[in-house]
Amino acid sequence: MAKQDKKEKFYLTTPIYYPSGKWHLGHCYTTVYGDAIARFKRMEGYDVYYLTGTDEHGQKIEKRATEAGTTPKAFVDGLVEEIKKLWQELDVSYTKFIRTTDKDHVAAVQKIFKRLYDKGDIYKSKYKGKYCTPCEAFWTESQLHDGKCPDCGREVQDAEEESYFFRLGKYAPRIRKLLTETDFLRPESRINEMVNNFIDAGLEDLAVSRTSFTWGVPVEFDPGHIVYVWIDALSNYITALGYDGENFSADTAKYWPADLHLMAKEIVRFHTIIWPAILMALDLPLPKHVVAHGWLLFGGDKMSKSKGNVVDPFVLSARYGKDALRYYLLRAMPFGADGAYTGETFLTRINADLCNDLGNLVRRTGKMNVQYFGGTVTRGKAGKEDGAMTAQIDALYGEVAAEMNDYKPQRALEKIFDLIGAANKYIDCTQPWVLSKTGDTERLREVLYVLDEAIRVAGTLLLPFIPETAGKILGSLGLQCPERNGNLRFGGVKEYHVREIDALFPRLNVEKELEELEKLAQANAPKEKKSENETKADKAKENKTLGNKQSNAPCCEDKNMETENEREYITIDDFCKVQLRVAEVLACEKVEKADKLLKLTLKVGEETRTVVSGIAKHYTPEEMVGKRVVLVANLKPRVMRGIESCGMILCASQGDKLVLVTPEAAIDSGAEVC
Ligand code: ME8
């Protein structure tokens, strides 16, 4: 419901980013998502406070600055300016940009730490365990996955030092309740992950100070210690509102607790376990909701090395416009699931949705308004085609509001584009050009009025998503951008004064643009060669999947949640190129010095062939003999560990689990799988 009379507050935060200097589309995702929600809430009449900023302390930054031959502060100052430029470029309407190097933040973090210490929730002891520098996270041996950081898959270092500890374990029962008995965290899959992997696995007290580096907030009463970067970072959500360890600023106190902390899935643990525990210890109210979205994945090698800058948001925004980029991001991922970026899906979406559906509707309608009525259009004579159309216009605001209040911008956009699609169809069935010829002016006027109304309602509801374009659309109808939602029912505006406008989005030649993007990428590619470890670590981060676990499977669970629109279709002809055959395993052995590979001798009808398969961690050679499997028979042969592999056998994977795909009933080897 619109909040027209009393302004209710809405406090929304996105993560404060590490000023690492490598902004890619993924980083933009959360902030643009947050911006769409902030704008929508403002339109609904809320008093919105939208916070973002930078997380500037820690060993990682200290190391980077040293490598760059500068001080940490000078290092971050330059990068912070760049990220502010990015938000400006993308029309991000934040209320405050906080930096963890801000003096009042630093002082407040010191007070918070002292307060927790005085209360007995922080105590001094010795820390022994593992530390992941890139994630700035401590881990116990049992929390590691294959001896590596469970968040990013990178190597961890032994850490032993005197440290202050926060009594996290003490809050475990309350946090468990918060997660399992309220709607604090969404989507639900994350709840199980937090409860099973962390709380029920035993919540240990948390090391909250470091002595091995200096770039951070010094513990006021023990200056050799630096406050753990996550305590420093998470506190930004309250210090931004002036919280000084005791009180909030008078003018911003009303915003706490946060209504929504928005972020990607890898930092949910910090926000739903550590952060509530700190707030509990400070006797502060808890945030209302934490929403975790998935990752924007950069398909295969697209994001790596030479092609890294293809997804530089500055490049994409400069070439295709900020709204094209915002729109792509806001439609890229279904709620909670991952999405995959490719240049092709990006360009195709601009062409299909923005240029064809939206652009054509506005241009065609504008042209007809001017051509038939000099641009001035009022009500005319209703017709049989109108009922469904006007009902859809009437319903749209409610549908969009429901999705946005559920924090699902992707779904909200789907609804808006359903109306745009319906309006295009309405033109095709009412055929205004025929009405003009037959002289049915009253009917023609009504048809154009209905279309203007559809464009007005869709355009207004597009303001939070693509503000610049939506402004142009409303301008073409002779309307101003409303501050609030206004009357979004059919008939809300009685008379239109329409003018023609230029195409909202030019039609892109996808092939040519892909080439251009490739050239830009090559031109901007980083020249330095990364170490093998760095490359592996980057890959691990790019391919991070559900549940903090690094998947060894080629496709991840979340991928199954792609919407129809996200999927890249192949034609039946494409599919027919793949020859799938049933094969019988005649013999099987381990491949020397390769712990994942098995060498299989397969019978495929009359033919015998060798295939190397990466299933050794899931099947023993003995188990394989006699099995019937599905073989991709016409895959180009490839030499692996000196063995020519002629084909690939199919498996199904889910997280760490991998099982063979086999025929459901007995059938001869060589049988076609179709
Ligand atoms: O974690 N897809 O900062 P960070 C979607 N400083 N979102 C992505 C993404 C991708 N591929 N890559 C990054 C930190 N993000 C801490 C946060 S908050 C108190 C401290 C987004 O620079 C996503 O929101 O590593 C993710 O949670 C955030 O960037 C992490 O940014």
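A few notes on this one:
- Whole-number D in µm²/s for the stretch 144-221 (Stokes-Einstein; Kirkwood sum over Cα pairs; 4 °C, 1.567 mPa s): 86 µm²/s
- Lys, Arg +1 and Asp, Glu -1 on Cβ, resulting dipole of the stretch 44-141 about Cα centre, debye, nearest 20: 760 debye
- If both residues of a DSSP beta bridge must be in the chain, then about 70% of such bridges are antiparallel.
- Protection-proxy order for peptides 474-480, 237-243, each taking the mean of Cβ atoms within 10 Å per residue, highest first: 237-243, 474-480
- Estimated dipole of the stretch 337-497 in Debye, rounded to 20 [Cβ of Lys and Arg +1, of Asp and Glu -1, Cα centre]: 520 debye
- Rounded Å value of the spacing that divides the Cα centres of the stretch 475-492 and the stretch 157-192: 46 Å
- Using distinct alpha-carbon pairs, which all enter the 1/r mean, Kirkwood radius of the chain in Å: 28.1 Å
- Burial order of peptide ranges 641-653, 285-297 (average beta-carbon count within 10 Å, highest first): 285-297, 641-653
- Global geometry of the stretch 323-413, whether rounded, prolate or oblate, following the gyration tensor of its Cα atoms and the 1.5 cut on a/c: oblate
- For the stretch 456-507, the residue among Gly492, Ile466, Gly478 whose Cα projects farthest onto the positive side of the dipole built from Cβ charges is Gly492.
- Computed magnitude of the charge dipole of the chain (debye, nearest 20; Cβ of K, R +1, Cβ of D, E -1): 520 debye
- Residue-averaged 222 nm ellipticity for the chain, from DSSP H runs of 4+ at -39500 (n - 2.57), nearest 500: -11500 deg cm²/dmol
- For the chain, the residue among Ile112, Gly380, Ser613 whose Cα projects farthest onto the positive side of the dipole built from Cβ charges is Gly380.
- Residues whose amide H comes within less than 5 Å of that of Ser249, counting only those at least five positions distant or on another chain, are Gly242, Tyr243 (H built at 1.01 Å from N in the peptide plane).
- Once backbone amide H atoms are built at 1.01 Å from N, Gln579 has Ala633, Asn634 as its partners under 5 Å, excluding neighbours fewer than 5 places away on the same chain.
- Taking every C-alpha pair closer than 8 Å and separated by at least 6 residues, the mean separation divided by the residue count of the stretch 447-513 gives a relative contact order of 31 percent.
- Database remark: amide H of Arg484 closer than 5 angstrom to no amide H (H placed geometrically; neighbours at sequence offset of 5 or more, or on other chains; Pro and chain starts carry no H).
- Entry note, the chain: relative contact order of 12 percent, from Cα contacts under 8 Å with a spacing of 6+ residues.
- From the alpha carbon centroid of the stretch 577-638 to that of the stretch 218-292 is 53 Å.
- What the phi angles of the stretch 18-25 give under the Karplus curve with 6.51, -1.76 and 1.60, with θ = phi - 60°, is a coupling list of 6, x, 8, x, 10, 7, 10, 4 Hz, glycine and proline written as x.
- Hydrodynamic radius by Kirkwood, which averages 1/r over all alpha carbon pairs of the stretch 88-169, in angstrom: 15.7 Å
- Highest to lowest packing among 166-176, 31-41, 69-79, 315-325, scored as the average C-beta count within 10 Å: 31-41, 315-325, 166-176, 69-79
- Debye intensity ratio in log₁₀ form over the Cα atoms of the stretch 337-497, taken at each q of 0.11, 0.16 Å⁻¹: -0.43, -0.89
Throughout, read-outs are computed from the coordinates displayed, never taken from laboratory work. What you see is a predicted model, and the numbers here were worked out from it, not measured in a lab. Neighbour counts run over all protein chains shown; Cβ positions are idealised from the backbone, glycine included.
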